[in-house]
1. If you rank 12, 101, 34 by fewest surrounding Cβ atoms within 10 Å, what's the result?
2. Would you order 23, 66 from fewest to most other beta-carbon atoms within 10 Å of each residue's own beta-carbon?
3. Mind grabbing the base-10 log of I(q)/I(0) for the chain at q = 0.15, 0.19 Å⁻¹? Debye formula, identical points on the C-alpha positions, no solvent, two decimal places.
4. Please arrange 26, 31 by how many other C-beta atoms lie within 10 Å of their C-beta, fewest to most.
5. For n ≥ 4 DSSP H runs only, could you compute -39500 (n - 2.57) per run for the chain, divide by its residues and tell me the 222 nm figure to the nearest 500?
6. Between residue 48 and residue 70, what is the label-to-label distance in nm when each label sits 7 Å out along the Cα-to-Cβ direction?
7. Given a Förster distance of 30 Å, report the FRET efficiency between residue 1 and residue 26 from their Cβ-Cβ distance, rounded to the nearest 0.05.
8. Which FRET efficiency value, to the nearest 0.05, do you get for residue 55 and residue 92 by plugging their Cβ-Cβ distance into 1/(1 + (r/R0)^6) with R0 = 35 Å?
């Protein structure tokens, strides 16, 4: 399975996937930490976190998969949502919570 197929399988078979630097327990950058905190505040229990630092192919591949240059990247029900800034904005106006519960 190539990297793009692997990413597609991850985002389509799990309801909430976060590509991040580090893990939810030990984020390796501030933006990844922010993303995890926002998802926790939304009550997400079944988060699949993919550490892009552990796999350079995924780190590069996710950027081309989403056509988005930065990490973290959030996917909900197979759809790309955005990075930490977009997540923060959506959380503040209630859109993220709605997306997670629909």
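Bear in mind these aren't lab numbers, they're just calculated from the coordinates by the rules spelled out. As the structure is a computational prediction, the values presented were derived from the model and not from experiment. Reconstructed Cβ throughout: ideal geometry from the backbone, glycine too, with neighbour counts over all protein chains shown.
1. 101, 12, 34
2. So the ranking, lowest neighbour count to highest, is 23, 66.
3. The computed values of log10 I(q)/I(0) come out as -0.53, -0.87.
4. 26, 31
5. Mean residue ellipticity at 222 nm (helix-derived): -14500 deg cm²/dmol.
6. Taking the simple label geometry, residue 48 and residue 70 are separated by 2.5 nm.
7. Once the sixth-power term is evaluated, E becomes 0.60.
8. 0.65
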